[in-house]
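The values are calculated or read from the model by the stated rules, or taken from the named source; none is laboratory data. Since the model is a prediction, treat every value here as computed from it, not as a measurement. Glycine also receives a Cβ, built like all others from the backbone with ideal geometry; neighbour counts cover every protein chain displayed.
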Amino acid sequence: MNSENLLSELNSGIYINNLWYLNFSDRNNGRITGLTRFGCFEVKNGEFTGPINTMRFDETLHNIFGEKLVGLTNNQQLIIDTSTYEERSSHSSKIPGAVVDDFSLTL
């Protein structure tokens with residue numbers, strides 16, 4: 001999926017720039033939970049219409065990377081691990097963006 005056309009491909013939905021406080025809500029069933037954070041926007045007709053409040057999600061990995069995955073972007077972003085719990089981290093990941101259909105969010 002071309003990153004430059006991402007909003008037009010999305011058409012209407014929510015653009016999530018950052019997920020935070022990720023954790024398993026049901027490890028045996030591959031269910032994760034977390035919060036949106038920093039620069040998340042509502043999209044209508046392929047354009048940003050305004051920022052959204054922090055929202056919580058609770059979804060299965062199977063749905064995110066399986067049945068509900070529409071596509072991955074062709075560009076990847078370097079994500080540096082900023083974990084400071086009990087140690088400093090030098091880990092990083094280079095990952096693409098994802099378009100996921102019917103991603104469940106709550107206020």
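Some notes on this structure:
- Within the range 27-48, restricting attention to residues that are basic (Lys, Arg) and part of a strand (DSSP E or B), the residue that is farthest from the chain's Cα centre (by Cα) is Lys44.
- When residues of the range 63-107 are limited to those that are small (Gly, Ala, Ser) and more than 14 Å from the chain's Cα centre (by Cα), the one modelled with the highest pLDDT: Gly66
- Any hit, the range 61-81, residues being hydroxyl-bearing (Ser, Thr, Tyr) and out of contact with any helix residue (DSSP H, G or I) (no Cβ under 6 Å at 6 or more places or on another chain): no
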